[in-house]
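Before any comments, here is the structure.
The values are calculated or read from the model by the stated rules, or taken from the named source; none is laboratory data. The structure displayed is predicted, hence computed values, not measured ones. Here the Cβ positions follow ideal geometry from the backbone for every residue, glycine too, while neighbour counts run over all protein chains shown. These accessible areas exclude ligands, DNA and RNA; they are computed on the full protein's heavy atoms, side chains included. Shrake-Rupley method; radii C 1.70, N 1.55, O 1.52, S 1.80 Å.
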Amino acid sequence: MSAQTLYRSMLTAFAMAACTTAAIAQDAAGVLRIGLSSEPTSMDPHYHQATPNDAMTSHMFETLVGQDAKMNLIPRLATAWKPVDDTTWEFTLRDGVKFSNGQPFTAQDVLFTFCRVVNNEQSISSSYPSIVQKFADVQVRDGNTLVIKTRQPYPLLPNDLTRMGMLWNGIAEHGPISFDLKNKCGVTGSWPTVADFNTGRSVIGTGPYTLKSYVKGTAIELTRNDAYWGAKPAWKDVKLVPVPAAGPRLTGLLAGDFDLIENPAARDVKRISETPGFGHVITPSVRVVYFQPDVARNPSPGVKAADGKNPLQDVRVRRAISMAIDRKTIADRIMDGAATPANQFLPDGMFGTLPNPPALKYDPAAAKKLLAEAGYPNGFELTVSSTNDRYINDAQVTQAVAQYLSRVGIKTTVDTMTRSVYFPKRAKREFSFAMGGWSSETGEASSFLQYWVSAFDKEHGLGTSNYGGYDNPEFDRVFKRALVTVDPAAREKLLQESLTLALADLPSIPLHFESSIWAFRKGLTYEGRADQYTLAMSAKPAK
């Protein structure tokens, strides 16, 4: 019996028991059991801007501004916000909110949070401090009005604040708190560490759940915060279990071990829909999967060419690599149709994208010609690096890309690893051709360009994920104008111009946009999200 036949037989056997196991699961004492495809790496909401981390911590920590399932801005800990002038914003804080320890939420907690993100030395991402570094001053007026003065016009401030979870100021010793970054805002004690959050010691938030336990590689358990100010979640307890492989994750659902799973293999969707007692939802996401070449260093550690140079610095080579990749076949066969080939860095139709982007065509003959023109008729050696447990089919996609490159003469070596190893290595720029996946949290084209394409500028929070070292003064000039342009029509035009420059130069090579799939047992519904968050709050008993 083949492995595929055995797997199908197992699914059939489990399906026969589905009605019984699902009924048992439905009565499981108010516990919602979720199978995760990618495990969060910390309970610290400011450790790493990654979807599994942000989704998990949003159960416990809330932001000033929220986003609904379609990424529209909604009130959260701030009930209203408005620009007073080009460099001043007012936020009205919600009254009557308490942290999970019973302490009231105040403007002091917001100031403390702003200061902590720029003093979090263990963070492996600069995404959070890059927001606060744009502030010139923050003042509290009338107790619940926060006035934020920015160094320059910052039209996307409400969008950016959707990803900064608010902390209770009591998790560190301090005197009077004020927005004085040079003096740690009045904090006199040590800042909480990642370990303090992972043990639950510093997990004191205003969210609908509190952390019961976090055992890395085993499970995360949450308990409902009955003092939560908003709508109470349906389940009292939640258990989230990491199961990286799609097959065992689906088997766990069908066996009754899980009520809900994320990212079952797209090839299994038809089987799920035909199995009594189970359902699914497919939601297009804004996550683009891409490869980022090292265009700055010469030589580069993962590249070996006959002339001793780094071929990735030549735009003709980057265009040849793009032409060598058959995006449609990857989307159809490897992603089983649950992806859309990408011609730009955000799905068509979103703010600032090109209405008719030039197609990134599959043309291996033209790729070989470009390589020859660039001085590499016999190709060169390249190590292709990626995660094997973060993005949907990431290792398989990487293998496919490597094969396509080999066909045009680029001799490839595939180097995949777990994301806990991969991301710190990538942050140290140990790779020459590295996979990435980015979900635009602002819902407009500036998100990807700000972090991955802009030249590194710590003061303005630009280029913090530009591990390839790309530096294009013309692009930066246009894009920086877009970032400070308040008028939407003018900003959109500048963003489109920025995208045109980036796509011509390919500092990152887009592959596809993921679609997200959730599968669940009968008696439960799930609202799929464009940001790919798996939230216990989005699961509800079926009516």
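Just from its helices, what would the mean residue ellipticity at 222 nm be for the chain, if runs of 4 or more DSSP H residues each count -39500 (n - 2.57) and the sum is divided by every residue, rounded to the nearest 500 deg cm²/dmol?
-7500 deg cm²/dmol
Give the residue from PRO355, SER130, PHE475 lying farthest towards the positive end of the charge dipole for the chain; charges sit on Cβ (+1 for Lys and Arg, -1 for Asp and Glu) and the dipole is referred to the Cα centre.
Of the candidates, PRO355 comes out farthest on the positive side.
For region 114-199, which whole-number percentage of the solvent-accessible area (1.4 Å probe, protein heavy atoms only) is attributable to carbon and sulfur atoms?
46
What is region 80-143 by shape, rounded, prolate or oblate, if you read a ≥ b ≥ c off the alpha carbon gyration tensor as root eigenvalues and call it rounded for a/c under 1.5, prolate for a/b larger than b/c, and oblate otherwise?
Here region 80-143 falls in the oblate category.
Could you list, in their original order, any pairs among LYS98/LYS540; LYS328/LYS493; LYS149/LYS232; LYS369/LYS493; LYS149/LYS458 whose Cα atoms are separated by more than 27 Å?
From LYS98/LYS540; LYS328/LYS493; LYS149/LYS232; LYS369/LYS493; LYS149/LYS458, over 27 Å: LYS328/LYS493; LYS149/LYS232; LYS369/LYS493.
For region 266-308, restrict the atom set to alpha-carbon positions and state the Rg and Dmax in Å.
21.8, 62
Can you compute the FRET efficiency between ASN72 and ASP363 using 1/(1 + (r/R0)^6), with r the Cβ-Cβ distance and R0 = 30 Å? Round to the nearest 0.05.
Efficiency at R0 = 30 Å is approximately 0.20.
Which of the three applies to region 288-368, rounded, prolate or oblate, going by the alpha-carbon gyration tensor with a ≥ b ≥ c and a/c under 1.5 meaning rounded?
prolate
Using alpha-carbon positions, what is the distance between the centroids of region 479-543 and region 360-414, in Å?
Here the answer is 26 Å between Cα centres.
How high is the relative contact order of the chain, given as a whole-number percent (alpha carbon pairs under 8 Å, six or more residues apart)?
20
Evaluate the charge dipole of the chain about its Cα centre and quote only its size in Debye, nearest 20, assuming +1 on the Cβ of each Lys and Arg and -1 on the Cβ of each Asp and Glu.
Around 840 debye, computed over the chain.
Using Cα pairs closer than 8 Å and at least 6 residues apart in sequence, work out the relative contact order for region 244-368, in percent.
20
Please arrange SER123, SER386 by accessible surface area, largest first, computed with a 1.4 Å probe and ligands excluded.
Largest to smallest exposure gives the sequence SER123, SER386.
Could I get the Rg over Rh figure for the chain? Both from C-alpha atoms, Rh via Kirkwood, rounded to two places.
Taking Rg over the Kirkwood Rh, I get 0.97.
Hey, could you get me the Stokes-Einstein D for region 206-260, Kirkwood radius over alpha-carbon pairs, 20 °C and 1.002 mPa s, rounded to whole µm² s⁻¹?
170
What residues have an amide H closer than 5 Å to that of GLN67, excluding those fewer than 5 places away on the same chain, when H is modeled at 1.01 Å from N in the peptide plane?
Correct list: ILE74.
For LYS216, list the lysines whose Cα falls under 25 Å from its own Cα; do not include residues on the same chain fewer than 8 positions away.
LYS216 reaches LYS236, LYS239, LYS425, LYS428.
Per residue, how large is the accessible surface of the chain? Use a 1.4 angstrom probe and give square angstrom.
The answer is 40 Å² per residue.
Ordered by residue, what ³J(HN,Hα) values in Hz, to whole numbers, does region 365-381 give under the Karplus form 6.51 cos²θ - 1.76 cosθ + 1.60, where θ = phi - 60° and Gly and Pro are x?
After applying 6.51 cos²θ - 1.76 cosθ + 1.60, I find 5, 5, 5, 4, 5, 5, 4, 5, 5, 7, x, 10, x, 9, x, 7, 9 Hz.
With just the Cα atoms defining each centre, how far is region 157-199 from region 83-141? Give it in Å.
About 8 Å separates the Cα centre of region 157-199 from the one of region 83-141.
Would you mind classifying region 418-463 by shape? Square roots of the alpha carbon gyration tensor eigenvalues, ordered a ≥ b ≥ c; an a/c under 1.5 is rounded, otherwise it is prolate if a/b is larger than b/c and oblate if not.
oblate
Given the whole protein assembly as supplied and a 1.4 Å probe, what does the accessible area of THR218 come to in Å², nearest 10?
Taking all protein chains as shown, THR218 has close to 80 Å².
For ALA339, enumerate residues with amide H under 5 Å from its amide H, sequence gap 5+ or separate chain, H modeled in the peptide plane.
Answer set, sorted by chain and number: SER515.
I need the phi-derived Karplus couplings for region 165-172: 6.51 cos²θ - 1.76 cosθ + 1.60, θ = phi - 60°, integer Hz, Gly and Pro marked x.
Working through the residues one at a time gives x, 7, 9, 7, 5, x, 7, 9 Hz.
Sticking to Cα atoms, compute the Rg of region 361-458 to one decimal and its Dmax as the biggest Cα-Cα distance, whole number, in Å.
15.6, 43
Do you know the relative contact order of region 420-543, to the nearest whole percent, from alpha carbon pairs under 8 angstrom that are 6+ apart?
16
Using a simple charge model, +1 on the beta-carbon of Lys and Arg, -1 on the beta-carbon of Asp and Glu, nothing else, what dipole does region 24-127 show about its Cα centre, in debye to the nearest 20?
200
For region 221-361, with equal point scatterers placed on the C-alpha atoms only and solvent neglected, what are the log10 I(q)/I(0) values from the Debye formula at q = 0.11, 0.12, 0.18 1/Å, to two decimals?
Results for region 221-361 at q = 0.11, 0.12, 0.18 Å⁻¹ read -0.72, -0.81, -1.12.
In square nanometres and to one decimal, what's the mean projected area of the convex hull around the Cα atoms of region 109-250?
The Cα convex hull of region 109-250, projected and averaged over all directions, gives 11.2 nm².
Could you give the length gained by full extension between ARG481 and GLU381, i.e. 0.36 nm per residue of separation minus their alpha carbon distance, to one decimal place?
Computed gain between ARG481 and GLU381 is 32.1 nm.
Give the accessible area for TRP81 in Å² (nearest 10); use a 1.4 Å probe, count only protein heavy atoms, and leave out ligands, DNA and RNA.
Taking all protein chains as shown, TRP81 has close to 70 Å².
Of GLU173, GLU444, GLU527, which has the most accessible area with a 1.4 Å probe, and how do the rest follow in descending order?
Solvent-accessible surface, decreasing: GLU173, GLU527, GLU444.
Subtract the Cα-Cα distance of VAL84 and LYS236 from 0.36 nm times their separation in residues, and report this length gain in nm to one decimal.
50.5 nm
For a quick check of your reading of the filter: which trypsin sites (Lys or Arg not before Pro) in region 395-438 sit in a DSSP loop and have no more than 16 other Cβ atoms within 10 Å?
LYS428
What's the magnitude of the charge dipole for region 346-390 around its Cα centre, counting Lys and Arg as +1 and Asp and Glu as -1 at the beta-carbon? Answer in Debye, nearest 20.
80
Set the Förster radius R0 to 45 Å, insert the Cβ-Cβ distance between GLU527 and GLU430 as r into 1/(1 + (r/R0)^6), and round the FRET efficiency to 0.05.
My answer for the efficiency is 0.70.
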